[in-house]
1. Could you give every pair whose Cβ atoms fall below 6 Å, whose first residue belongs to segment A:26-45 and is touching a residue at least 12 places away in the same chain (Cβ under 8 Å) and farther than 23 Å from B:LEU815 by Cα, and whose second residue is assigned to a loop (DSSP other than H, G, I, E, B) and polar (S, T, N, Q), counting only separations of at least 6 or pairs across chains?
2. Could you run through segment B:66-82 and say how many residues are loosely packed, with under 15 Cβ neighbours inside 10 Å and more than 17 Å from B:THR24 (Cβ to Cβ)?
3. If you go through segment B:225-243 one residue at a time, do you hit one that is without any contact (Cβ under 8 Å) to a residue 24 or more places away in the chain and among the hydrophobic types (A, V, I, L, M, F, W, C)?
4. What's the total number of residues in segment B:477-517 that are of a type in the set (Val, Ile, Thr) and open to solvent by 40 Å² or more (accessible area, probe 1.4 Å)?
5. Please enumerate the residues belonging to segment B:283-309 that are part of a helix (DSSP H, G or I), modelled with pLDDT of 90 or more and open to solvent by 40 Å² or more (accessible area, probe 1.4 Å).
6. Checking the structure you have, find out if any residue of segment A:33-48 is of a type in the set (Gly, Ala, Ser), open to solvent by less than 10 Å² (accessible area, probe 1.4 Å) and more than 9 Å from chain B (Cβ to nearest Cβ).
7. What are the pairs with Cβ atoms under 8 angstrom where one residue, in segment B:490-518, is touching a residue at least 60 places away in the same chain (Cβ under 8 Å) and among the hydroxyl-bearing types (Ser, Thr, Tyr) and the other, located anywhere, is crowded, with 17+ Cβ neighbours inside 10 Å and part of a helix (DSSP H, G or I)? Sequence gap at least six, or different chains.
8. Looking at B:SER349, B:SER318, can you tell me which residue is under 22 Å from B:GLN422 (Cβ atoms) and among the small types (Gly, Ala, Ser)?
Amino acid sequence: MTTQQHSENNWVDICALSDIPPNSGVCADLNGEQVAIFHLKSSSSNQVKAVSNFDPFSRANILSRGLVTETDNNHFVASPLLKQQFCLTTGQCEQDDSMSITTYQVRLTGELVQLREA
Amino acid sequence: MSKQKIVVVGNGMVGHHFIDQLATNHGDDFQIVTFSEESRLAYDRVMLTSYYTGNSADDLALATPDAYDAQGVEYHINEQVTSLDRTNKEVITASGKKVSYDKLVLATGSFPFVPPVPGKDQPHIHVYRTLEDLDQIAQSAKSSKVGVVIGGGLLGLEAANAIKQLGLQTHVVEFAPRLMAVQLDQDGGDLLQRKIEDLGVAVHCEKNTKEIVKGESCRYRMNFADGSHLETDTIIFSAGIRPQDTLARESDITLGERGGIAINDQCLTSDEDIYAIGECALWDNKIYGLVAPGYTMAKAAVSHLTDGDKVFSGSDMSTKLKLLGVEVASIGDAHGNTPNSQSYSFVDSASGLYKKIVISEDGKVLLGAVLVGDSSDYGQWLQLALNKIELTHPPEYLLLPEMDGEAGAVGGGVDALPPAAQICSCYDVTKQSICDAVADGATDIGAIKSCTSAGTGCGGCVPLVTQVMNSELTKLGVSVDNSICRHFSYSRSELFDIIRVKEIRNFDQLLAECGTGDGCELCKPAAASMFASLWNDHVLDKDLVGLQDTNDNFLGNMQKDGTYSIVPRVPGGEITPDHLILIGEIAKEYNLYTKITGGQRIDLFGAQLNELPAIWKKLVDAGLETGHAYGKSLRTVKSCVGSTWCRYGVQDSTTMAIDIEKRYRGVRSPHKVKMAVSGCARECAEAQSKDFGVIATDNGWNLYVGGNGGMRPRHAELFASDIDDKTLVRYIDIILMFYIRTADRLQRTSVWMENLEGGLDYLKEVVIQDKLNINDELLSQMEHLVDTYQCEWKTTINDPQKLKRFSHFINSDKLDDNVIFTDVRGQIAPSDKYDLATEI
């Protein structure tokens, strides 16, 4: 299955929001880069966040399969392997100041999830 | 300075305790040599009877060759010391060995007293002290129908329990007018007798055995002085103990008038290089036939050797025990021997309760007490008596605390206890030690147990230890906070009740009902587990999938490179050749690494996310189902081949294992649950290391609970004996559901049991007697889980919506190019780059 990618101001269509179960993630292929996209759903809003899918601790491409957590209104993904948490807005690792992961620009256009090419 | 050489004669519980204390704390200063005339090193004689109910000699061992080797202790078994040469400071053994000493410790214990009854030296007449004795008794039991225990004291009743468990018609013959004459008064003894007789053990008091002659209906006939007689096939003498003081006697060391090696407060004998400790020692003209005073003596001797100031100054002989299932306790001056003391008693013959208290002349201090039928007051009353705490209410309130809710408590609670109050008598743990442990960060009963040992002996003090701990926590300003995480100010069991009562089926509802924020790695998987335990919806349903932890999230165990392992269920470890071939073919086709698991099944490693559905389709189509190796749920029920194939098997363990595995498969619980069924006492399925272990007996099954292997091994505890199939399943149903309802998140049954106030006895009350009146509810919850079982993979491969997630990319069919394998012994393994992960 390959969703047709179309580009407009460097925004690339990835998938429908409904393809991402609420408060979980999927991995997108963005020109060969692996991007983890998360669907944050609360009673009042739907947001999407995107970070690198590569977990620098386990050195595996798995962050999209991590659990979404929240502290003081900040959202994180917990690595499914060694459980370090990364901020979904800044990419900063909570357990180790020296570690962070790349973040990506992502938006919702209607029901469509889009990533921005660098 | 060269090491002082210490020779310890006797390797019983007390001798071993001495060695252990000395070697552990002062090992560098002493060379230790010990001799045992028995064939094994020290074992737990207090638990002797459990030898018949599943504990092996190894289970009972207190000392092991390995541990002694590690401590540098030289040991000789089967080697009796036969004489002492005090002039040259040497001991001489039966085999002629001579070993010199700087200091000698006599820990020779005692021997059973056998009255000089004519006919006592015949086959099938035993004493009850060593494992060898027990082996011989078991041997006799095989050719016996009736057994008599002579002596109705503490050990005699233990022995009666043992031969009753061996299936003999059991009698107890006592010389005194009542059972446990030392500890109990007449009323208490009478009640105990009635209760024991209700259990099918015949009691004959005031009987003096005159002779043992050939019997008519049985092997022997015992003729009593009053002209009556009793026929029996085997006899056990348990008429008291005598100090084993022969060595000292023959070496002219001072003894008491009636035997026993006289010692001072430092446990030194009349020879200043020789100590005596335990049951062979006589202090202030008293022999102490319990293990706790022996341990205190051992500590005093160690202290004296190492210039410490601990002394032995007598010991409290209060005891609490369960004899043939009847709780009995005696505290302090139980007979009211103190001049002008007053006694009060309470008898409830209907429910079989007897309580007596002995109070000082001024009515202010508890001096002693007797409890039969219910010893729950023991801990608090013992503290009242030991610490001479002034009673805050009239004494009779102690007997009837319902008259005033607080009178039963220790004079205003545990805070009234002095710091030196001994809370755990088995391990001599003071209130101060418990307070210190709390100050050092031990905040639950499990932590207190592991750092102080309090409550790990007989367990009777656990309620009191818990009170001390909670009171300390409150004082330290630690509110006992068992909130599951920052999003919910409730414990797991409280949340479980909320979810159950309000019928909450998803996380949004739960947050709205009682939480804040959006949830985290603690509360989300816990909630997912509780929803599953109550409603059993598919874990990948839209509302639930975001809550699942790593493995549940994709119904597979994620390995270090992000690939998954696959484990089909193999109930009881029984598998057909066709299924074996199929699994092999799948492994070949998908290039998976295969390994046999510890739970008697096959693990397939290295499957990528997108391969999982196709692999599972093949497995499911062939009739295999998911093994839930990824779930906090039942893993496997390990089994042996049982009576079907094995020449020793007494029940069909394989069928039972398969039935049990199929019943509880898929049931989600606070942590993983492992079970096993063994077809005989040889225990090849290693059931005693499982959460639930079942071992076949001639009459049915023994059920063990709370065992664990892995990081913190723990033997499971015997929960019920000789139960039939139906009862077995009923008990497991209730215990498992009670565990699911009340445990903390990620708490295995072993830790849950340790933290359960009241422990095994309480669990029995809940399950067997339905004390909480919740069994019907627990059973119907389990029935619901059994009825709504589904193979999660079968459902998943038939649901396009769920299948969508099983692809590495949402917008491409490509695979993860970062998954790289190398070859190890002809199979795949993750490439070395992943080893970096462990270094970070």
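The values are calculated or read from the model by the stated rules, or taken from the named source; none is laboratory data. Since this is a predicted model, take the numbers as computed values, not measurements. Cβ: placed from backbone, ideal geometry, glycine included. Neighbour counts: every protein chain shown. We work out accessible area using only protein heavy atoms, side chains counted, and drop any ligands, DNA or RNA first. Shrake-Rupley method; radii C 1.70, N 1.55, O 1.52, S 1.80 Å.
1. A:LYS41/A:ASN23
2. Going through segment B:66-82 one residue at a time, the tally reaches 2.
3. Yes, because at least one residue in segment B:225-243 is without any contact (Cβ under 8 Å) to a residue 24 or more places away in the chain and among the hydrophobic types (A, V, I, L, M, F, W, C).
4. Filtering segment B:477-517 for residues of a type in the set (Val, Ile, Thr) gives B:478, B:480, B:484, B:498-499, B:501, B:504, B:516.
Filter again for open to solvent by 40 Å² or more (accessible area, probe 1.4 Å), leaving B:478, B:480, B:501, B:516.
Residues flagged as of a type in the set (Val, Ile, Thr) and open to solvent by 40 Å² or more (accessible area, probe 1.4 Å) within segment B:477-517 amount to 4.
5. Scanning segment B:283-309 gives B:THR296, B:HIS304.
6. Keep residues of segment A:33-48 that are of a type in the set (Gly, Ala, Ser), which gives A:36, A:42-45.
Then keep just the ones that are open to solvent by less than 10 Å² (accessible area, probe 1.4 Å); that gives A:36.
Then keep just the ones that are more than 9 Å from chain B (Cβ to nearest Cβ); that gives A:36.
Within segment A:33-48, one or more residues are of a type in the set (Gly, Ala, Ser), open to solvent by less than 10 Å² (accessible area, probe 1.4 Å) and more than 9 Å from chain B (Cβ to nearest Cβ).
7. From residues that are touching a residue at least 60 places away in the same chain (Cβ under 8 Å) and among the hydroxyl-bearing types (Ser, Thr, Tyr), the pairs are B:SER493/B:ARG741; B:SER493/B:THR742.
8. Working: B:SER349 fails: under 22 Å from B:GLN422 (Cβ atoms).
From the options B:SER349, B:SER318, the qualifying one is B:SER318.
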